[in-house]
Amino acid sequence: MKALLVYPEWPDTYWSFKHALPFEGKRSVFPPLGLLTVASLLPETWEQRLVDVNIRPVTDADLKWADVVLISAMLVQKENMMGILSRCRALGLRTVVGGPISSCMTDLPMYADHVVVGEAEELVGGLVADLERGVAKPLYQAPELPGLNTTPLPKLDLINAKYYSSMAIQYSRGCPFNCEFCDIIEIYGRKPRAKSPAQMVAELEQLYARKWRGPIFIVDDNFIGNKRKVKELLPVMAEWNTRHGRPFTFYTEASVNLADDQELLQMMKDASFDRVFLGIETPAEESLKEAQKMQNTHRSLLESVRRIQRYGMEVMAGFIVGFDNDPEDIFDRQVNFIQESAIPLAMVGLLQAIPGTQLYRRLQKEGRIVNDGDGNNLDLRLNFTPRMDPQRLVEGYRSILQRIYRPDVYYERVRNFLAQYQPHTSRRRLSLSDCQALARSILRQGIFSRHAFSYWRLFLAASTRYRQSFGSAIRLAIMGYHFQKLTRLTISRD
């Protein structure tokens, strides 16, 4: 059987980094790890091809070659996925859809022949057997959450790594917290399940053997969900990375309570973690309590961010406006917090009630759901009726973006970050793509730009006072270009 695995296109959002990737000659941030793992679960007798639409489009020749098309997607990729499904249906080509979208798009069986809800390890065998016999069912649902001890190595020979800015590894699934708006705990559960250190080493070895050098994204939604197991893993990662001459740096997502554990912070630093994304959401404690994000309450969020930065990890963070308990001054408070904390990459979005979450169920009972949303929190079309006047909420959101991504303000925030950031002592030599990115940044941001003065102020500070962080400064300048362009697009929409 010929299986075409397809990963739909990301829309233009903060998370796509589409406007930053061309600086380093890349096309996407990281490869579709879920599909690559599913590929390893398919029979060796099946022929396989993978098309990541972020790298190149799906052609008619691709579809005509295939016997079945397997798609994995997130809700935000819905529009592109629907177009692919329509093309397949026109050709009479069987389709299988899985991934997070299958857990929140209830009408998906209307568009795909077979829908897989849940994790793949214990489902793929039955699906494959049914497809081969021509008796595949419309719906396959995992009876329970599997352990990760049987998760295979991803099938990396299906991709060309040169098109990606990072590689990706998954260590664990699940999160112990109970945030009302989050679909992660609904899909993967609240008891984190993890791979063994030996499995992780095998994944590092595979990437090393394929000549990858550079950043690796640990894709876990909360890397420190099980601190005990993480502390068993990190020394193994640090030893492996040191023994191989530190070919990799790592970045991941974690909860704010990372800041409470200095032993864990040191372990992550020793293992070459240099970035971490935190779900801060809001400085308004009443809104955090409403969202059941109790791990962020009764603490100084500012001090938590600064402590992590002092361990050589740049903090990226998510912020949300639109909670019922947001105070009248929430827009100013968000801006002030972002500037004071010196978080360069602040992903600020409007609250969305995603189907399948506690938030969606509550608002549905209250008669406040307008539509199912699209997973893009840059979308100014609210999918629920907020307590705040909707026009005021959208205008306040626009005002946050305008203020934090105004080039002079953004570059100042990066300089403030560099002043309190304590990077790792080891400095990776600039690669060819690093040098190309630097040259493109100077040309586009330092010469052909109305904001060149602010750019050169950052460049001068990075090349004199913060030389150890020069690479980080240029990367953040380039990321700023992406955020500034998307901000202009967002605030100009109706």
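The values are calculated or read from the model by the stated rules, or taken from the named source; none is laboratory data. Not measured: the values here are computed from a predicted model. All Cβ positions, glycine included, derive from the backbone under ideal geometry; neighbour counts span all protein chains shown.
Data overview
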| item | result |
| --- | --- |
| Per-region count, the range 52-73, residues part of a loop (DSSP other than H, G, I, E, B) and over 18 Å from Ser86 (Cβ atoms) | 4 |
| Total residues in the range 246-263, condition crowded, with 20+ Cβ neighbours inside 10 Å and either of a type in the set (D, E, K, R) or over 19 Å from the mean Cα position of the chain (by Cα) (or both) | 2 |
| Residues that are in contact with a strand residue (DSSP E or B) (Cβ under 8 Å, 6 or more places away or on another chain), among the β-branched types (Val, Ile, Thr) and without any contact (Cβ under 8 Å) to a residue 40 or more places away in the chain, drawn from the range 231-251 | none |
| Sole exception among (1) surrounded by fewer than 18 Cβ atoms within 10 Å (Cβ to Cβ); (2) among the β-branched types (Val, Ile, Thr); (3) assigned by TED's automatic domain parsing to the domain that holds Leu35 for Thr150, by number | (3) |
| Residue tally, condition small (Gly, Ala, Ser) and farther than 20 Å from Gly471 by Cβ, over the range 209-247 | 3 |
| Selection count, the range 263-278, where residues are in a helix (DSSP H, G or I) and without any contact (Cβ under 8 Å) to a residue 60 or more places away in the chain | 7 |
| Lone qualifier among Ser469, Ser433, Ser441 - being surrounded by fewer than 18 Cβ atoms within 10 Å (Cβ to Cβ) and not charged (D, E, K, R) | Ser433 |
| Any hit, the range 78-93, residues being closer than 30 Å to Leu207 by Cβ and either free of Cβ contacts under 8 Å to residues at least 40 places away in the same chain or touching a Gly at 6+ places or on another chain (Cβ under 6 Å) (or both) | no |
| Tally of residues being without any contact (Cβ under 8 Å) to a residue 40 or more places away in the chain and under 12 Å from Ser399 (Cα atoms) across the range 330-348 | 1 |
| Residue ID - farthest from Tyr251 (Cα to Cα), chosen from residues in the range 316-350 that are part of a helix (DSSP H, G or I) and of a type in the set (A, V, I, L, M) | Ile330 |
| Matching residues in the range 97-113 - criterion: being free of Cβ contacts under 8 Å to residues at least 60 places away in the same chain and in contact with a helix residue (DSSP H, G or I) (Cβ under 7 Å, 6 or more places away or on another chain) | Val97, Ile101, Ser102, Leu108, Tyr111, Ala112 |
| Checking Arg415 against (1) among the basic types (Lys, Arg); (2) surrounded by 17 or more Cβ atoms within 10 Å (Cβ to Cβ); (3) in a loop (DSSP other than H, G, I, E, B), the condition it does not meet | (3) |
| Matching residues in the range 221-245 - criterion: being loosely packed, with under 15 Cβ neighbours inside 10 Å, assigned to a loop (DSSP other than H, G, I, E, B) and out of contact with any helix residue (DSSP H, G or I) (no Cβ under 9 Å at 6 or more places or on another chain) | Gly245 |
| Selection within the range 279-310 - under 21 Å from Leu265 (Cα atoms), among the small types (Gly, Ala, Ser) and either part of a helix (DSSP H, G or I) or over 20 Å from the mean Cα position of the chain (by Cα) (or both) | Ser300, Ser304 |
| Single residue of Ser469, Ser463 found to be outside the structural domain of Trp15 (by TED's automatic domain parsing) and under 18 Å from Arg413 (Cβ atoms) | Ser469 |
| The range 377-411, residues that are of a type in the set (A, V, I, L, M), in contact with a helix residue (DSSP H, G or I) (Cβ under 7 Å, 6 or more places away or on another chain), over 13 Å from Met347 (Cα atoms) and not in a helix (DSSP H, G or I) | Leu380, Leu382 |
| Every residue from the range 83-127 that is modelled with pLDDT of 95 or more, β-branched (Val, Ile, Thr) and not in a strand (DSSP E or B) | Ile84, Ile101, Val124 |
| Checking Tyr171 against (1) outside the structural domain of Leu234 (by TED's automatic domain parsing); (2) over 24 Å from Gln352 (Cα atoms); (3) not polar (S, T, N, Q), the condition it does not meet | (1) |
| Test: residue in the range 121-129 that is in contact with a Phe, Trp or Tyr (Cβ under 8 Å, 6 or more places away or on another chain), under 24 Å from Ser16 (Cα atoms) and not polar (S, T, N, Q) | no |
| Pick from the range 167-184, criterion among the polar types (S, T, N, Q) and touching a residue at least 60 places away in the same chain (Cβ under 8 Å), ranking: surrounded by the fewest Cβ atoms within 10 Å (Cβ to Cβ) | Asn178 |
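Table: residues versus (1) within 28 Å of Arg94 (Cβ to Cβ); (2) out of contact with any Gly (no Cβ under 7 Å at 6 or more places or on another chain).
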| residue | (1), (2) |
| --- | --- |
| Gly126 | yes, yes |
| Ala129 | yes, yes |
| Ala142 | yes, no |
| Lys155 | yes, yes |
| Cys175 | no, no |
| Ile184 | no, yes |
| Tyr188 | yes, no |
| Pro192 | no, no |
| Pro197 | no, yes |
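Residues are listed down the side, and each one gets a yes or a no for (1) surrounded by fewer than 18 Cβ atoms within 10 Å (Cβ to Cβ); (2) within 30 Å of Ser172 (Cα to Cα):
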| residue | (1), (2) |
| --- | --- |
| Pro11 | no, yes |
| Phe23 | no, no |
| Glu44 | yes, yes |
| Trp65 | yes, no |
| Leu70 | no, yes |
